[in-house]
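The values are calculated or read from the model by the stated rules, or taken from the named source; none is laboratory data. Predicted model only: the values in this text are computed from it and were never measured. Here Cβ is always computed from backbone atoms with ideal geometry, including for glycine, and neighbour counts include all displayed protein chains.
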Number of protein chains: 2
Amino acid sequence: MALSADLLRGYTDTIILNRLREGDSYGYEINRKVSELSRGALELKEATLYTAFRRLESSGYIISYWGGEGSGARRRYYSITVEGRNRLAEDQAAWKETRRILDTLLNPEERRPVLQGRSGQEIPVIHVEDQSDE
Amino acid sequence: MALSADLLRGYTDTIILNRLREGDSYGYEINRKVSELSRGALELKEATLYTAFRRLESSGYIISYWGGEGSGARRRYYSITVEGRNRLAEDQAAWKETRRILDTLLNPEERRPVLQGRSGQEIPVIHVEDQSDE
DNA sequence: GCGATATACATTGACAGGCGATGTAATGCG
DNA sequence: CGCATTACATCGCCTGTCAATGTATATCGC
């Protein structure tokens, strides 16, 4: 099943940052790696990729430099900045939260509902039973 | 943390369908329920809600009718159709897939590594007691 | 040497979903 | 009566995705 990257809208930047966390890289390679890690389920389109790079760089989350000449076409390498790492950490936290919310809102438990507020004082579990027929 | 609903783009329709699965309802109520279930983390904006209703209805996933007069403002009730249920099932499957991919692409393993074989057999769910709060 | 292919980067314009702003209307309460 | 609450609705802007298109270099087969 090829994921419609529409459901991933907004995560492209985070995906790139997380890739860069493991070391500098360039567009084409990042793309291959992403599709490899996702088993081909996610193929970032080039236009999406490169607009993301521009967005990230102009926001200071990554910086770029030319390199790799002599072994194929020229490459523009990207490097994650400190701000980028911070942004990545926030994004990862946001993803966990989003995942939790969507799990409860869309149902597919299987991971079990998470009903913990940050203050902890909030209500115990209200039984939301779920028989699919009616 | 209030979720930027930008990260939820594309899921609004599914959230609504899943709510309707439990019975007919109307905009205002659905909205309250969603924010209750998410503990206030997700507040669907009215513009978002009602455009979603129009989208869903014109696609045949829901149908609407007026009702509830006499007890406040008039309400437009929505009912999920058979097509809507099918669509919902697909969306839920897509969410599981998306979740899996994003978990591997964004890293936050923490619950279980996602390295299952292509063959589709699920990883045996490891029983993780979920009492820790972050 | 030459065309095909793969690598690699880049921009433009269209499209779709979310949402702020704004408007309408009915009911209930003090 | 005035105001809050409930409830629905639309317009126009913004942002991220992506098809289409273009450029350039290196390698491989013939």
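For residue A:35, the requirement of being loosely packed, with under 15 Cβ neighbours inside 10 Å and either more than 14 Å from DNA strand D (Cβ to nearest atom) or modelled with pLDDT under 95 (or both) is met. In the set A:19, A:100, only one residue is within 22 Å of residue B:94 (Cβ to Cβ) and crowded, with 18+ Cβ neighbours inside 10 Å; that residue is A:100. Selection of segment A:92-109 for residues being facing chain B (nearest Cβ under 7 Å) and of a type in the set (A, V, I, L, M) yields A:94, A:101, A:102, A:105, A:106.
Residues are listed down the side, and each one gets a yes or a no for (1) over 23 Å from residue A:86 (Cα atoms); (2) among the acidic types (Asp, Glu); (3) more than 12 Å from DNA strand C (Cβ to nearest atom); (4) in contact with a His (Cβ under 7 Å, 6 or more places away or on another chain):
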| residue | (1), (2), (3), (4) |
| --- | --- |
| A:6 | yes, yes, no, no |
| A:11 | no, no, yes, no |
| A:17 | no, no, yes, no |
| A:51 | no, no, no, no |
| A:54 | no, no, no, no |
| A:58 | no, no, no, no |
| A:62 | no, no, no, no |
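As a summary of the residue check, residue A:72 satisfies the conditions (1) more than 13 Å from the chain's Cα centre (by Cα); (2) modelled with pLDDT of 95 or more except for the one numbered (2).
Residues of segment A:19-28 include at least one that is modelled with pLDDT of 95 or more, more than 10 Å from DNA strand C (Cβ to nearest atom) and not charged (D, E, K, R).
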